[in-house]
Amino acid sequence: MQTLLMSDYGVSRETIERFLAYQAILTKWAPRINLVGASTLTSFWDRHILDSAQILPLAHPEAKSWVDFGSGAGFPGLVIAALIQSRDGAQVTLIEASTKRCGFLREAARAMQVHVNIVNDKLENVAPHPVDIITARAFTALDRLLAYADPWQGPRTQALFPKGEEVLAELEQASTNWLFKSTIHPSVSDSRGCIVEVTECQVRTGSAQL
C-alpha cells in the first residue's frame, strides 16, 4: 500500500514516515478513547490513509484552505494536512467537539510534524469563513452537511464528502432543501463507497435550516 501511495499519489518517503508515526500513535491511543473501530487498525493504510488521500486529486490544484468537520481521529483532515504540508500558504482546520479526541489530534500532529489548526468546539459554535475545500467523514447525512457547510462557502468552494451505499438516498433527500451540482467519484479504497463532490450549493427558497 505504501508503494501504491508513492507511485499513484506522489506521496513522498518523508510523508510515508509521517504516516508511520501516525499509525504508531493511533495504535497507542485507540484502546483508551473511541477513535476508530478496533478492526480497522489492522487495515490502517487502505481503510484510513488511502481512503483519505484519494480526496486530494479531486480538489482544485490551487486549493489551499481546507476545513474538516468532526475530525475525530483525523481522517481525512490530518492526512490531507500531511499531503499538502509543503504547499505555500496551505492551511487545514480540524473541528472536533471532543476534548479527548482533540488531545489525540494534537499529539498526532506533533508526532507527524504537521501543522494544523485544531478547534475544540461544536461546529455550530465556530465562526465560519470562506474556504476552498470542505471535508467530513462519517459526520452526518448530506442534507445536514450542506447546512453546516453553507456559511463556509466561497465562490469556488468544493465539498468533498466520503459516503457509503446510502449515497443516492442522501442526495435525493438533500435536493429537497438545496440546489447544487454533484458528482459521485467511486472510492478506490472501498468498492461500496464513494466521494461526493458538491459545488454551487445554495438553499432552496422556503426550505428548512439547521
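Within the stretch 188-203, being crowded, with 18+ Cβ neighbours inside 10 Å and among the polar types (S, T, N, Q) holds for one residue alone: 189.
Checked against (1) of a type outside the set (Ser, Thr, Tyr); (2) assigned to a helix (DSSP H, G or I); (3) in contact (Cβ under 8 Å) with a residue 12 or more places away in the chain, residue 14 passes all but condition (3).
A count restricted to the stretch 108-126 and to residues that are in a helix (DSSP H, G or I) and either within 16 Å of the chain's Cα centre (by Cα) or in contact (Cβ under 8 Å) with a residue 60 or more places away in the chain (or both) stands at 6. Considered as a group, the residues in the stretch 58-107 that are in a helix (DSSP H, G or I) and touching a helix residue (DSSP H, G or I) at 6+ places or on another chain (Cβ under 7 Å) include one that is most open to solvent (accessible area, probe 1.4 Å), and that residue is 107. Which members of the stretch 165-183 meet the condition of being outside any helix (DSSP H, G or I), open to solvent by 20 Å² or more (accessible area, probe 1.4 Å) and of a type outside the set (A, V, I, L, M)? If the condition is that a residue be outside any helix (DSSP H, G or I), open to solvent by 20 Å² or more (accessible area, probe 1.4 Å) and of a type outside the set (A, V, I, L, M), then 165, 166, 175, 176, 177, 180, 181, 182, 183 are the ones that fit. Looking across the stretch 131-163, the residues that are closer than 21 Å to residue 190 by Cβ, open to solvent by 10 Å² or more (accessible area, probe 1.4 Å) and either touching a strand residue (DSSP E or B) at 6+ places or on another chain (Cβ under 7 Å) or among the polar types (S, T, N, Q) (or both) come down to 137, 139, 140, 162, 163.
Would you confirm whether any residue within the stretch 36-49 is touching a residue at least 40 places away in the same chain (Cβ under 8 Å), outside any helix (DSSP H, G or I), surrounded by fewer than 24 Cβ atoms within 10 Å (Cβ to Cβ) and of a type outside the set (D, E, K, R)? No. Residues considered: 151, 162. Of these, the only one that is in contact with a Gly (Cβ under 9 Å, 6 or more places away or on another chain) and outside any loop (DSSP other than H, G, I, E, B) is 162.
If you go through the stretch 15-31 and keep only what is in contact with a Phe, Trp or Tyr (Cβ under 9 Å, 6 or more places away or on another chain) and open to solvent by 40 Å² or more (accessible area, probe 1.4 Å), you end up with 23, 27, 29. Taking the numbered list (1) crowded, with 22+ Cβ neighbours inside 10 Å; (2) of a type outside the set (Lys, Arg); (3) free of Cβ contacts under 8 Å to residues at least 60 places away in the same chain; (4) farther than 22 Å from residue 3 by Cβ in turn, residue 53 passes all entries but (4).
The values are calculated or read from the model by the stated rules, or taken from the named source; none is laboratory data. Please read all numbers here as calculations on a predicted model, not as lab measurements. Note: ideal-geometry Cβ built from the backbone for every residue, glycine included; neighbour counts use all protein chains shown. Protein only, heavy atoms only, side chains kept; ligands, DNA and RNA dropped before computing areas. Shrake-Rupley method; radii C 1.70, N 1.55, O 1.52, S 1.80 Å.
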